[in-house]
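Scroll down for the structure; my scribbles are underneath it.
The values are calculated or read from the model by the stated rules, or taken from the named source; none is laboratory data. Quick caveat, the model's predicted, so the values are computed rather than measured. When we count neighbours, we look across all protein chains shown, and the Cβ atoms used for this are built from the backbone with ideal geometry, even at glycine. These accessible areas exclude ligands, DNA and RNA; they are computed on the full protein's heavy atoms, side chains included. Shrake-Rupley method; radii C 1.70, N 1.55, O 1.52, S 1.80 Å.
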Amino acid sequence: MRFTERELTVALEGAAKGVLTAQDKSVRKGRRTADEAWDELTRYQRFQLLDGLGDQLLPVLVGLPDVEVAPGTRPTFTDQQVTAAVEERLGDGVRGIKRRVLLQARVSLVKLALENLPPRADPDALIVPDHL
């Protein structure tokens, strides 16, 4: 699937906030939001989180099949399409129960990233100012 750089960035950041929500006790207990926890991270901490997730998510997102996306909507994929894309990138080094757990975790991570994709913009409706 062809995504723009901005779409991939937003998807990756949304997945990172989801992971941060699961890791941060004060967010889980409702004392602060995921956005507040994200804002409190240093730039290096954000980089570490995004770098780790990027290695897992970006190859899978790019490997998803091409689908037609109407302007103003998000791309939708079936569970089978997402699972197949994750399995292709999982490799043969892991077997048994560990492989199934890793597969399910990555599939849920990819689904989280896909939920955070912004709606596709209409390229024909793009208005460029005259001064550019």
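Observations on the structure shown:
- Subset of the range 104-120 [open to solvent by less than 60 Å² (accessible area, probe 1.4 Å) and closer than 23 Å to Glu68 by Cα]: Val107, Leu109, Val110, Leu112, Ala113, Leu114, Asn116, Leu117, Pro118, Arg120
- Within the range 19-52, considering residues that are among the small types (Gly, Ala, Ser) and open to solvent by less than 30 Å² (accessible area, probe 1.4 Å), the one nearest to Gly72 (Cα to Cα): Ala34
- Among the residues of the range 70-82, just one is assigned to a helix (DSSP H, G or I) and open to solvent by less than 40 Å² (accessible area, probe 1.4 Å), namely Val82.
- Flag for Val94 being free of Cβ contacts under 8 Å to residues at least 12 places away in the same chain, more than 15 Å from Asn116 (Cα to Cα) and open to solvent by less than 50 Å² (accessible area, probe 1.4 Å): yes
- Checked against (1) modelled with pLDDT under 90; (2) within 15 Å of Met1 (Cα to Cα); (3) charged (D, E, K, R); (4) part of a helix (DSSP H, G or I), Asp124 passes all but condition (2).
- Just one of the listed residues (Val101, Val67, Val86, Val10) is open to solvent by less than 30 Å² (accessible area, probe 1.4 Å) and either in contact with a Pro (Cβ under 6 Å, 6 or more places away or on another chain) or farther than 23 Å from Ala121 by Cβ (or both), namely Val86.
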